[in-house]
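Asker: Mind having a look at this structure? Questions to follow.
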Amino acid sequence: MEVSIGSGENQFSMSRGSFKYKQKISGKRKLTLQNQEKTEEGYLLTYVDPKGSSAKEQVHQFAVTQQGSQIRLAYVGEEKPGVNRYWLTFVTNPKEHIYGCGETYSELDLKGQNVRIWVAEHQNTGRISKKIIKEKLLGKHPDKKLSFDKYESYYAQPTFVSSDKYYVHCDINAYSEFDFTDAGKITLYFQEPPVIITDSGQDFAEVSRKLTGLLGRQKALPDWLYDGVILGIQEGTDVVDAKIKKAKEAGVPVVGVWCQDWSGCRRTGFGYQVMWNWEWDQELYPGLDKKIAEWKEEGVRFLGYINPFIAIEKDLYAYASEHGYCVQDREGKDYLVTITTFPAAMVDFTNPEAYEWYKGLIKENMIGLGMGGWMADFGEYLPIDAVLYSGEDPAIIHNQWPAIWAKMNQEAVAECGKEGQVFFFTRAGHTGTIAHSHMMWTGDQHVDWSIDDGLPAVIPATLSLAMSGYGIAHSDVGGYTTIMHMRRSKELLLRWEEMNVFSPLFRTHEGNQPVNNVQFDDDEELLAQLAKCGRMHVALKDYLKGLVAEEISDGTPVMRPLFYHYDEAEAYTEKTEYLLGRDLLVAPVYEEGAKSRTIYLPSDGWVNIFDGKEYVGGHMIVEAPIGKPPVFVRKDSKDYEALMQVAQA
């Protein structure tokens with residue numbers, strides 16, 4: 001292990017949750033390994049800094065301990081004056097592949113990349129604006145990607161898994177970088193004394209079990225959510241009720257309705273957005289309490305929305321501000337963060353009173369209203385120049401914020417005695433998120449076919465989460481982000497629906513500009529396909545429940561990369577296909593206008609669930625008309641007969 005130290009200053013700035021990363025590093029120097037001493041627990045590695053001002057400040061030590069097969073390496077002793085940067089470099093297999101680091105959208109294999117571990121808004125306005133302008137001038141090129149360093153991630157976790165079947169997790173919270181650009185080396189860069197934990201397994205299932213044993217596992221999901229489609233509908237009680245009835249009359253198995261505007265709406269230049277005042281808007285949703293009970297009797301749960309911000313125009317903010325519950329700026333005022341087009345205040349979760357107050361809103365105004373679940377949005381936006389009640393450095397707390405947010409939501413469910421009955425889904429994450437969560441969704445995809453932000457991006461995002469220990473995730477059916485000419489087409493919605501059949505949760509979204517997007521009930525063909533896809537999803541219930549139970553007990557992800565079970569060269573780089581459990585291989589159609597797609601099947605016996613054709617592996621072109629994406633069941637599956645019936649639902 002090579003070790004270097006140094007000092008530096010961060011100059012990070014945030015705009016709408018996106019960060020500009022600048023830092024000035026000085027005095028970087030390589031340490032010399034002086035001694036390797038055997039101890040009762042393992043080894044003590046002593047490195048020497050020849051430029052240290054005293055004998056004490058020259059010495060840097062790392063303790064290496066082992067418990068079973070798990071190895072822990074930790075910087076020990078007091079931090080040295082003038083040292084706040086650490087680089088640890090390890091020799092590695094130049095042919096290995098690297099996965100994880102939270103959630104990545106444009107790449108699955110991270111070999112060759114330098115990955116920032118810093119939670120941020122993935123969909124930053126600058127990048128979207130440039131994309132829109134380029135498409136106007138040069139036309140659409142959905143297969144083009146930006147360089148990897150241009151992307152940020154909602155979910156950044158200091159964890160990776162190697163194709164050599166080991167994991168590395170770093171128990172740190174400050175900004176860090178994992179450098180995989182050198183084929184034969186991995187360099188981990190930290191801004192705090194490092195703690196590194198690693199373990200290995202005979203197969204990826206064992207690696208996942210050990211990793212989630214360290215990080216925690218997701219919570220139990222309600223049985224009802226497998227029974228159909230959760231419809232994303234907005235704009236009032238009557239509209240929601242009418243659309244539920246319309247969908248049911250068309251044969252759609254409706255299991256839930258997700259109304260993100262339950263607390264009110266605001267209309268902005270960005271679109272139709274939620275009023276962040278976490279109380280039932282009785283003007284927009286008259287009689288909602290009674291309708292929630294009525295819908296539940298009909299098998300339809302009501303889901304809502306919440307995030308860590310509060311609207312400054314409303315009473316909740318007035319109360320929070322009066323009681324000193326908001327994150328402060330350096331002048332002692334409430335720190336107002338701009339979100340798309342409007343400012344909002346953040347509740348300070350390091351203040352115990354504020355934390356309990358906010359949790360009470362979830363318990364009383366959401367669970368108490370009868371909600372079966374909700375989207376727990378955001379978590380990425382804590383500014384590093386804020387002032388917190390606890391006095392802690394926000395640059396250290398920033399990455400922890402999503403985990404604190406997930407913990408609050410889970411505590412609300414548990415304290416109301418609703419575990420296994422009510423669930424929530426989040427988009428932001430870091431170490432600690434997994435142990436307090438039910439489900440992820442992959443954030444705000446564009447309503448297009450772009451490889452890095454549209455429908456195709458869902459697959460590597462889900463698989464990178466899986467290899468980070470977070471194995472239950474889904475996406476918004478149809479995407480979300482709608483701007484100018486970037487509008488959802490009928491074809492895109494149909495293809496997204498058929499993909500999300502083969503995921504743990506089937507939930508639609510209207511997008512931020514519903515009137516500019518094709519919606520699930522715009523014509524009879526759309527309703528017919530939604531009904532068909534809903535029935536197929538219901539037919540997968542027993543299979544999906546088994547996979548989720550496996551994730552909760554052993555950490556085995558529901559949606560898995562092909563290499564998880566197939567040690568083949570192509571499997572390690574394939575990022576547009578996935579395994580749903582051990583026995584289903586799904587190859588979504590992700591190109592506009594395509595009636596077929598080229599696929600890769602690992603060496604095994606496979607049967608297309610739609611036409612019964614058999615395959616033994618390799619590369620091939622498969623016909624894929626709308627409604628019949630390439631989906632294959634493993635011929636040796638114990639669930640073969642049941643899975644082959646899914647297409648007939």
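The values are calculated or read from the model by the stated rules, or taken from the named source; none is laboratory data. On a predicted model such as this, the values are computed, not experimentally measured, just so you know. When we count neighbours, we look across all protein chains shown, and the Cβ atoms used for this are built from the backbone with ideal geometry, even at glycine. Note: areas computed on protein heavy atoms with side chains; ligands, DNA, RNA excluded. Shrake-Rupley method; radii C 1.70, N 1.55, O 1.52, S 1.80 Å.
Asker: Antiparallel versus total DSSP beta bridges in the chain: what percent is that, nearest 5?
Answerer: Bridges in the chain that DSSP calls antiparallel: roughly 80 percent.
Asker: Tell me the carbon and sulfur percent of the accessible area for the chain, rounded to whole percent, probe radius 1.4 Å.
Answerer: Here carbon and sulfur together make up 48 percent of the probe-accessible area.
Asker: Taking a cut-off of 18 Å, what percent of all Cα-Cα pairs in the range 362-421 are separated by more than that?
Answerer: Roughly 44 percent, once rounded to a whole number.
Asker: Let me ask something else. Could you work out how far the C-alpha centroid of the range 22-83 sits from that of the range 530-553, in angstrom?
Answerer: The range 22-83 and the range 530-553 have Cα centres spaced 49 Å from each other.
Asker: Hey, another quick one. Would you work out the relative contact order for the range 483-587, in percent, from Cα pairs under 8 angstrom that are 6 or more residues apart?
Answerer: Contact order relative to length: 21 percent.
Asker: So, in Å, what gap is there between the alpha-carbon centers of the range 592-649 and the range 484-525?
Answerer: 23 Å
Asker: Starting with the highest mean, order 85-91, 282-288 by the number of other Cβ atoms within 10 Å, averaged over the residues of each peptide.
Answerer: Result, highest mean first: 85-91, 282-288.
Asker: Compute the FRET efficiency between residue 628 and residue 9 as 1/(1 + (r/R0)^6), taking r as their Cβ-Cβ distance and R0 = 45 Å, and round to the nearest 0.05.
Answerer: Given R0 = 45 Å and the Cβ-Cβ separation, E is 0.20.
Asker: Once every DSSP H run of n ≥ 4 in the chain is given -39500 (n - 2.57) and the sum is divided by its residues, what mean residue ellipticity at 222 nm do you get, rounded to the nearest 500 deg cm²/dmol? Kindly include the intermediate steps, with their values, before the conclusion.
Answerer: Numbers: 14 runs with 145 residues, N = 649.
Helix-only estimate at 222 nm: -6500 deg cm²/dmol.
Asker: Applying 1/(1 + (r/R0)^6) with R0 = 22 Å to the Cβ-Cβ distance of residue 419 and residue 542, what FRET efficiency is obtained, to the nearest 0.05? Don't skip to the end; give the middle numbers.
Answerer: Numbers: r = 22 Å, r/R0 = 0.99.
Approximately 0.50, to the nearest 0.05.
Asker: Hey, another quick one. So for the range 17-131, averaging the separation of alpha carbon pairs under 8 Å that are six or more residues apart and normalising by length, what relative contact order in percent results?
Answerer: Normalised by residue count, the contact order of the range 17-131 is 17 percent.
Asker: Evaluate the distance, in nm, between pseudo-label points positioned 7 Å from the Cα of residue 554 and of residue 26 along their respective Cα→Cβ axes.
Answerer: Label-label distance for residue 554 and residue 26, simple model: 5.5 nm.
Asker: Using the Karplus equation 6.51 cos²θ - 1.76 cosθ + 1.60 (θ = phi - 60°), what ³J(HN,Hα) coupling, rounded to whole Hz, does each residue of the range 505-512 give in order, writing x for Gly and Pro?
Answerer: Running phi through 6.51 cos²θ - 1.76 cosθ + 1.60 with θ = phi - 60° gives 9, 10, 9, 8, 9, 7, x, 6 Hz.
Asker: Let me ask something else about it. Which of rounded, prolate, oblate describes the range 1-116, given a ≥ b ≥ c as roots of the alpha-carbon gyration tensor eigenvalues and a/c under 1.5 marking rounded, otherwise prolate only if a/b is larger than b/c?
Answerer: In terms of gyration-tensor shape, oblate.
Asker: Same structure, new question: Distance in nm between label sites at residue 390 and residue 183, each 7 Å beyond Cα in the beta-carbon direction?
Answerer: Taking the simple label geometry, residue 390 and residue 183 are separated by 4.4 nm.
Asker: Considering amide H positions built from the backbone, and no H for Pro or chain starts, which residues 5 or more places from residue 596, or on another chain, come under 5 Å of its amide H?
Answerer: Excluding prolines and chain starts, which carry no amide H, the hits are 624.
Asker: Any idea how far the Cα center of the range 347-396 sits from the one of the range 567-591, in Å?
Answerer: Here the answer is 37 Å between Cα centres.
Asker: Another question, then. Go through 52-63, 347-358, 162-173 and give me the packing order, highest mean Cβ count within 10 Å leading.
Answerer: With the highest mean Cβ count within 10 Å placed first, the list reads 162-173, 347-358, 52-63.
Asker: So what is the relative contact order of the chain, in percent, for Cα pairs below 8 Å that sit 6 or more residues apart?
Answerer: Relative contact order, the chain: 13 percent.
Asker: Between residue 573 and residue 283, what length comes free when the chain is fully extended (0.36 nm per residue of separation minus the Cα-Cα distance, one decimal in nm)?
Answerer: Computed gain between residue 573 and residue 283 is 99.2 nm.
Asker: Going Cα to Cα from residue 95, which lysines come in below 25 Å? Please leave out same-chain ones fewer than 8 positions away.
Answerer: Reachable lysines: 111, 145, 165, 185, 210, 575.
Asker: With a ≥ b ≥ c taken as the square roots of the eigenvalues of the C-alpha gyration tensor of the chain, please select rounded if a/c is under 1.5 and otherwise prolate if a/b is larger than b/c or oblate if it is not?
Answerer: It comes out oblate by the Cα gyration axes.
Asker: Given R₀ = 45 Å, what would the calculated FRET efficiency be for residue 611 paired with residue 114, taking r from the Cβ atoms and rounding to 0.05? Provide the component values of the computation, followed by the final result.
Answerer: Numbers: r = 44 Å, r/R0 = 0.99.
E between residue 611 and residue 114, to the nearest 0.05, is 0.50.
Asker: Same structure, new question: Give the lysines reachable from residue 314 as a straight Cα distance under 23 Å; neighbours fewer than 8 places away on the same chain don't count.
Answerer: Correct list for residue 314: 333, 359, 363.
Asker: What number, in nm² with one decimal, is the all-direction average of the projected area of the convex hull of the alpha-carbon atoms of the range 245-387?
Answerer: Reported value for the Cα convex hull: 9.7 nm².
Asker: I've got another one for you. Search the structure for amide H atoms under 5 Å from the amide H of residue 31, placed 1.01 Å from N in the peptide plane, and list their residues when 5 or more places away or on another chain.
Answerer: Excluding prolines and chain starts, which carry no amide H, the hits are 3, 4, 5.
Asker: Going by a ≥ b ≥ c, the root eigenvalues of the Cα gyration tensor, does the range 222-269 fall in the rounded group (a/c under 1.5), the prolate group (a/b larger than b/c) or the oblate group? List each step's numbers first, then the result.
Answerer: On the way: a/c = 2.84, a/b = 1.63, b/c = 1.74.
Note, shape of the range 222-269 comes out oblate.
Asker: Report the gain in length on full extension from residue 620 to residue 598: 0.36 nm times residue separation, minus Cα-Cα distance, nm rounded to one decimal.
Answerer: Length difference between fully extended and current span is 7.4 nm.
Asker: In nm, to one decimal, how far is the residue 129 label point from the residue 411 one, both placed 7 Å along Cα→Cβ?
Answerer: 3.9 nm
Asker: While we're looking at this one, here's another question. Please give the per residue accessible area of the chain, computed with a probe of 1.4 Å over protein heavy atoms only, in Å².
Answerer: On a per-residue basis, the chain sits at 37 Å².
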